[in-house]
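Only one structure is covered here, and it is reproduced in the block below.
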Amino acid sequence: MKVPLLDLQKQYNSIRDEVVSAALEVFETQYFIGGPNVEEFERKIADYCGCRYAVGVSSGSDALILSLMVAGIGQGDSVITTPYTFFATAGAIARVGAKPVFVDIDEDTYNIDPNKIRAYISGCPDEERSHLKAIIPVHLYGQCADMEPILSIAKEYGLVVIEDAAQAIGAEYRFSDGSVKRAGTMGDYGCFSFYPTKNLGAFGEGGLITCNDEALNKMLRIYRNHGDVKRYYHDFIGGNFRLDALQAVILKIKLKYLDKWTDGRIYNASSYKTLFEEKNVNDIRLPFQKEERHIYHQYVINAGERRDSLKDYLQKNEIGCEVYYPVSLHEQKCFSYLGYKSDDFPVSVKASKTSLAIPVYPELKKVEQEYIVDSVSNFFKKN
Ligand SMILES: *Cc1c(COP(=O)(O)O)cnc(C)c1O
């Protein structure tokens, strides 16, 4: 049986007519950049996330860069983030001229560990601390980082919080007072990606920034369009960070189905738990899930030291699987100038050697899941 890691064709087949006619309508108007379709999509996403403003942009990476620019972060500043994430998170910090400062992750959730953020800042000489301007927590695999302590540290030290919610649209976090908020609405800025393989994927590139502050919303829109305050009058140096109308109409249609698709992912995650328990597979650690809504952008198991051979075995059995991510960012060649040592972030390094994502997309069938679980089980019986 052949099971891909993700099957976008199935999703497309289910919405083809709707998407094609909406795209044709855009072609007929010949109005491609910004405009009413983008504005309508922005309003719908703001509602979906539960925040006041949403600003459509050209990609998730650009959402991060634009947020940092509007926050005034650049040369001489440093920004705390996780070493265990997609490259763009730290890449954006470097792109605006600032310095990425890595803080290790929590072993269970793979998200940045607030205790380690606090420990880093407390142990930081005054001179270094004075350069700290922001924290970028990432809601990895679709589960929110532990935001309550992160927000309180940020408040204490006057740091901006930019959430990297690229993998977490619709994920929820519960505060100790019982209130629940969605990914991207807790910090100052929330950055989303509509890269085709994300849970809400465009037919090309796209991204978005959420915020609750009217002044920030205004500045994000100005910077998105080369910093012009009115046509051809530039008070700031922004860039071309605009979202296409074509992507906006497609995303608007897909947004209607997002909860149904997310429920499918959540259902599949819970089926895995049952199936792995039935098969008595004790050699892997299943994803750790708090009671809050995890949207399972990825279903990531921890296979310990046998991860690479399990990966080979599954691929030989035509099961799609992938390592997110094989290299902790502090070990990337391009970041060698930061001067980190390999063992500076042991939890992140360990995760890069033990984690493995297996299929969890909503269209995945029960028999396919059983085949995956059987294959994992057989591997550990033989090895
Ligand atoms: C996908 C992703 C991004 C970048 O989004 P693009 O739209 O591909 O630029 C940033 N951060 C994380 C965590 C991501 O998963």
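Quick notes on this structure:
- Listing of strands (runs of 3 or more DSSP E) fully contained in region 160-225 that carry 2 or more residues being more than 16 Å from the ligand (Cβ to nearest atom): 172-174, 180-182
- Filtered residues of region 350-383 (kept if exposed (fewer than 12 other Cβ atoms within 10 Å of the Cβ) and in a helix (DSSP H, G or I)): LYS366, VAL367, LYS381, LYS382
- Among residues of region 198-221 being surrounded by fewer than 18 Cβ atoms within 10 Å (Cβ to Cβ) and among the small types (Gly, Ala, Ser), the one that is nearest to THR109 (Cα to Cα) is GLY204.
- Where a residue in region 232-249 is closer than 14 Å to SER59 by Cα and its partner, wherever it lies, is of a type in the set (Lys, Arg), with Cβ under 7 Å and at least six apart: PHE241/ARG224; ARG242/ARG224
- Candidates TYR189, TYR173, TYR195, TYR157 - the one that is aromatic (Phe, Trp, Tyr) and crowded, with 24+ Cβ neighbours inside 10 Å: TYR189
- Candidates GLU163, GLU205 - the one that is modelled with pLDDT of 95 or more and farther than 24 Å from GLY35 by Cβ: GLU163
- Region 53-67, subset within 13 Å of ILE93 (Cβ to Cβ) and among the polar types (S, T, N, Q), residue farthest from the ligand (Cβ to nearest atom): SER67
- Every residue from region 335-349 that is in contact (Cβ under 8 Å) with a residue 60 or more places away in the chain and in a helix (DSSP H, G or I): PHE335, LEU338, ASP344, PRO346, VAL347, SER348
- The condition of being aliphatic (A, V, I, L, M), within 22 Å of VAL138 (Cβ to Cβ) and not assigned by TED's automatic domain parsing to the domain that holds CYS49 holds for only one of LEU286, LEU364, LEU310, that being LEU286.
- Test: residue in region 303-310 that is among the charged types (D, E, K, R), open to solvent by 20 Å² or more (accessible area, probe 1.4 Å) and not in a helix (DSSP H, G or I): no
- Listed by first and then second residue, the pairs with beta-carbon distance under 8 Å, at least 6 apart or on different chains, first residue in region 46-60 and on the phi < 0 side of the Ramachandran plot and touching a residue at least 12 places away in the same chain (Cβ under 8 Å), second of a type in the set (Phe, Trp, Tyr) and more than 16 Å from the ligand (Cβ to nearest atom), are ALA46/TYR53.
The values are calculated or read from the model by the stated rules, or taken from the named source; none is laboratory data. Note that the structure is a prediction, hence the values are computed from the model and not measured. As a convention, Cβ positions derive from the backbone with ideal geometry for all residues, glycine included, and neighbour counts pool all protein chains shown. Please note that ligands, DNA and RNA were not included when accessible areas were found on the heavy atoms of the full protein model with its side chains. Shrake-Rupley method; radii C 1.70, N 1.55, O 1.52, S 1.80 Å.
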